[in-house]
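Visitor: Encoded as structure tokens, here's the structure I'll be asking about.
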Amino acid sequence: MMSAKFRTIKGVQDILPPRTCLWQRVEDAAKRIFSLYGFSEIRTPIIEFTELFVRSIGEDTDIVEKEMYTFHDRAGRSITLRPEGTASVVRAFIQNNLYNLPAPQKFYYCGPMFRYERPQKGRYRQFHQIGVEAFSIDDPYLEAELIEMLWLLLEELGMENLNTEVNSIGCPECRPDYKKKLLNYLEGNLGSLCADCKRRYRHNPLRVFDCKFPNCKEIITGAPKITEFLCENCGDHFKRFLSYLKKLDIPYSINPSMVRGLDYYTRTVFEITTTSLGAQNAVAAGGRYDTLVEEFGGPRTPAAGFAIGMERLITLLEEKPFEPPKPDVYIISLGEDATDVAYTIASSLRREGLQAELSYGTGSLKSQLRRADRFNASLALIIGEDELKRGTLTCKRLSDGFQGEIKMTGLVSDIKRYLNHDQDT
Ligand code: HAM
């Protein structure tokens, strides 16, 4: 048994083949679909100054209070492993004057994020997101379009049983009034709130909505609804957003208790949830954040985005039958001379775009054939002494056992015929 020191840290995991094929499938589909909507890839560092996350995500949030991987570097600076991607993209947007690019500026990213959460199914300490951020668009069509893009991706991946939950959490103009109403309501229930909520509610009462304790959850269901307190502009924005969702044929439900666990949101927030994941049911989530760029010293820039939780999406994909890629050809060789020829053949097949695996000439014919089967190869190519003398190969289709001899010259077209099950093979 391996020493615990050399095993993965709690809450993080290796992602192994053939599972990595699913990851690639998701990433490829996302990149293709996002580029149809004008998004380009951005890569930001995994480490940032701690202050970036504290100021953007918010001091009273679970992420900042309890979940950040923060350490001091050798120069004594406080550094944090990114718990999410939006703050870094906003920082990069300002630092690199990306607001000077023609608007709208649209970016996507993929990579690991880190949160010191209690690990469970669908919740890890190192997890991965594919996220997008779009800048300089005020129009609520942006949020609807982002959700449409997300749906397109999830549909293409064959996802079912999804729901879009939406809400509006207002803006710096109308939220203070709502906060007062909420505070009054919470004050009447203070005795039943958990210690965290008691501590946080006065400074940031919206955070009580994130609490997982049943008592707090019950109290919050009776709280005044933020959508009833939106200012005229926010109300109009929300109405138009919903009408665009309808136009785009995206099913949604309004969840007036959803405020999202990060402080930077304004107006629209949304989550894509599924009934197939248990407690950790949000596959993707996002919203608008119109004030964040300005708060970090950039020009006034409306913005919105979302992030997909890769592990959760992959879990859903794994419920469906999935065939990992397999070699087109497994080359079996008997003897040193035959093995040398096998190497040359493998090289030329790969140059022609065929996936070729080699036995490297080890083992008997029987054991090499067994390995070809274990690799799930489509064809076994056999080179023995007789074949070498005749300048031929024995080609065996492993699905039906069909077998024939093919010439070493013009090999590729013959192999393709075997692979395509042509009549004349
Ligand atoms: P978030 O809701 O914190 O939003 O995370 C987005 C998604 O990441 C979640 O819906 C979930 O699928 C996944 N996720 C979060 N934490 C974990 C975890 N510990 N283990 C596994 N998966 C997890 C954000 O991060 C925002 N930056 C999204 C955004 C982008 N908003 C605007 N732009």
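Visitor: Positive end of the charge dipole of the chain (Lys, Arg +1 and Asp, Glu -1 on Cβ, about the Cα centre): tell me which of PHE238, THR301, THR221 has its Cα farthest that way.
Guide: After comparing all options, I get THR221.
Visitor: Which value at 222 nm does the chain reach when only helices count, each DSSP H run of 4 or more adding -39,500 (n - 2.57), with the total divided by all residues and rounded to the nearest 500 deg cm²/dmol?
Guide: -10500 deg cm²/dmol
Visitor: A further question on this structure: Quick one: compute the contact order of the chain, relative version, from alpha carbon pairs under 8 angstrom and 6+ residues apart, as a percent.
Guide: Across the chain, relative contact order equals 14 percent.
Visitor: Using only alpha carbon pairs under 8 Å that are at least six residues apart, calculate the relative contact order of segment 329-418 and give it in whole percent.
Guide: Once normalised by length, the contact order is 29 percent.
Visitor: Ok, one more. Could you list ASP337, ASP14 in order of exposure, starting from the residue whose Cβ has the fewest other Cβ atoms within 10 Å? Spell out each step's value before the answer.
Guide: Working: ASP337 13, ASP14 7.
Fewest-to-most ranking of ASP337, ASP14: ASP14, ASP337.
Visitor: Enumerate by residue number the trypsin sites (Lys or Arg not before Pro) in segment 200-242 meeting two conditions: DSSP loop (anything except H, G, I, E, B), and at most 14 other Cβ atoms within 10 Å of the site's Cβ.
Guide: Answer in residue order: ARG202, LYS212, LYS225.
Visitor: Run through segment 25-65 and list the chymotrypsin sites (Phe, Trp or Tyr not before Pro) located in a DSSP loop whose Cβ has at most 15 other Cβ atoms within 10 Å.
Guide: TYR37
Visitor: Please list, by residue number, every one of the trypsin sites (Lys or Arg not before Pro) in segment 61-148 that is coil in DSSP and has at most 13 other beta-carbon atoms within 10 Å.
Guide: Numbers: sites: LYS66, ARG74, ARG77, ARG91, LYS106, ARG115, LYS121, ARG123, ARG125; in loops: ARG74, ARG77, ARG115, LYS121, ARG125.
In loop regions of segment 61-148 (DSSP not H, G, I, E or B), the sparsely surrounded trypsin sites (Lys or Arg not before Pro) are ARG74, ARG77, LYS121.
Visitor: Could you compute the net charge surrounding HIS203? Neighbours are other residues with a C-beta less than 9 Å from the C-beta of HIS203; K and R count +1, D and E count -1.
Guide: Around HIS203, the surrounding residues sum to +2.
Visitor: Could I ask something else about it? Note down the net charge around SER253, summing +1 for each Lys or Arg and -1 for each Asp or Glu among other residues with Cβ under 12 Å from its Cβ. The partial results should precede the final answer.
Guide: Numbers: positive: none; negative: GLU165, GLU271.
Once all neighbours under 12 Å are counted, the net charge is -2.
Visitor: Okay, moving on. What's the magnitude of the charge dipole for segment 329-418 around its Cα centre, counting Lys and Arg as +1 and Asp and Glu as -1 at the beta-carbon? Answer in Debye, nearest 20.
Guide: So the dipole magnitude of segment 329-418 works out to roughly 300 debye.
Visitor: Please label the shape of segment 329-418 as rounded, prolate or oblate, based on the square roots a ≥ b ≥ c of the eigenvalues of the alpha-carbon gyration tensor (a/c under 1.5 means rounded; beyond that, a/b larger than b/c means prolate, else oblate).
Guide: The shape class here is rounded.
Just so you know, all these numbers are worked out from the coordinates, no wet-lab data involved. Remember, it's a predicted structure, so these values are computed and weren't measured experimentally. Note that each Cβ is placed from the backbone with ideal geometry, even for glycine, and that neighbours are counted across all protein chains shown.
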